[in-house]
Amino acid sequence: MTSQDIYNLFDSYFVQNKYTTIYLSLCKKAKERALSKSDAKKILGYVESHHIIPFSIDKSLDKIKANKVHLTAREHFFAHKLLIKIVKEEYKSKMVSAVMKFCQTNNLQKRNLRSIDYHYIKVIASENLSGKNNPMYGREGSIKNKIAITNGNETKFINKDENIPAGWYLGTHLKGFKTYTNGEKNILILSDSDEIPDGFRSGSILKGKPSSLKGRKIGSYSEDRINKQKMSIQGFRFYTNGIVDIKITDKQSIPDGFKPGRTHGILSEDAKKKYEMLSIQCFGFNDEETFRIALEHSVNIDKLTAVQLNRKYIKNKDINRNIPSLGFWINKFNLVPIKGKPGPKSQKI
C-alpha cells in the first residue's frame, strides 16, 4: 500500500475542512523529510511515530509503513489536536482520549506541555467525554453481575444465579486462604481449616523477598521451580555461622554450623576478632603481632609491591571463605607499599 492509497481512504474517516488540509500538509512534509525513524532521528534528534490514519480507527493499517510518519513531540501533539477537528463524529471520543495521553509522562516520552496546552486538553475532554459522549455511557460493567470463586489454585467468575461447583468456594485464590510452608514448597489452605499437613507451618519460603509468585497460581509451580526462586541470579545463596559469610551453590553441601543468611557486617567485637584470626591463619601466622612484624619488614625493608605482597602471603588456599584481605591489614598497620600493579581487591580463597 502506498501513501496515495492511504490518502484515498481519508473520506471514510475524515471530513473535509481547513484543518484537514493543514493535517495532510503536516504528514506529507514529514514523509518527505524522512522515510524511516532512524533517518528522522539524524535530522531532528528526538522523534515520535504517528499513524496518519489512527490505529484506534483502523487497526488493519498498523503495520503499513505508508501509514506512518515520524514527528517531533510538538508536531505530534499538534497533529492529534487537528485530528479532533477532522474525524467524523463517531471517532471523536477516541481522538480526545488520544490527546489526553499527552498528559502522561515517562522515561520514553519527552513531552513538556505548557499550561495552556494542558488546559486545552482538559476542556476538550470535559466537552467530549461526558454524558452520552462517554464510550461507557449506558453500558453495564461486564463484572457487575458476577461473583469470584476459587478452588485454591485459580480464580474464575460466574453469574450470581449460578450454582457453585463442588470443590469451589467464594473468593479469589488468595482471599480466604493462608499460605503454609515446609521450607521447600508453599501450599494454600482455607483460613478456617484445621487440616494442616504435618511439617507445615504458617508462612512462605519467599516471605519478605521479591517474588515472581506473588498474585499467581501457586499450584502451577513445581517444587523444583519454587526452590529455584530461592537462589539468587548468580546461582548461589549466602550462608553464615555468625562470623563469616560463605556462598553455596545448589550443588554444594552446607558446612556444619552454617545457616541461610548473612551477617551483613554487623558483628560483635568478639566475632570480629574471630573473623580476623581466620584471616591471619590463612596468611600462615598464629597471632596478629607476628603477622604485623613480618608485613612491616616486607613493605619497609624488602620494598615489595602490592602484587608481590599478595603472592608472598596468600598461601593457604584450602579455606573456602571470604575473610579480611591483605589490604585490610596493610591499612590497619598503617603501611604504604611502593607503587606497582594493584593486587586483588579482596581475598577470595
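Each value in this text was obtained by applying a stated rule to the coordinates, not by laboratory testing. Bear in mind that the values here come from a model prediction, so they are computed numbers and not experimental data. So basically every Cβ, Gly included, is an ideal-geometry build from the backbone, and we count neighbours across all protein chains shown.
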key: Computed FRET value (nearest 0.05) for Lys101 with Tyr169, which takes r as the C-beta separation and R₀ as 41 Å   = 0.50
task = Arrange Ile338, Ile149 by Cβ neighbour counts within 10 Å, fewest through most, would you?
result = Ile338, Ile149
Whole-Hz couplings from phi, Karplus 6.51/-1.76/1.60, listed for region 293-301; x for Gly and Pro = 4, 5, 5, 4, 5, 5, 7, 8, 9
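So which of Lys59/Lys146; Lys59/Lys88; Lys28/Lys81; Lys41/Lys94; Lys18/Lys85; Lys29/Lys101 end up more than 20 Å apart by C-alpha?
Violating the 20 Å limit, Cα to Cα: Lys59/Lys146; Lys41/Lys94; Lys29/Lys101.
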message = What distance in nm separates the two pseudo spin-label positions at Tyr19 and Phe55, each 7 Å out from Cα along the beta-carbon direction?
response = 2.3 nm
inquiry  = At a 10 Å Cβ-Cβ cut-off, how would you order Ile323, Ile147, fewest neighbours first?
reply    = Ile147, Ile323
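How would you rank Cys27, Cys103, going from fewest to most other Cβ atoms within 10 Å of each one's own Cβ? Don't skip to the answer; put the middle values down first.
Working: Cys27 24, Cys103 13.
Placing the least packed residue first, the sequence is Cys103, Cys27.
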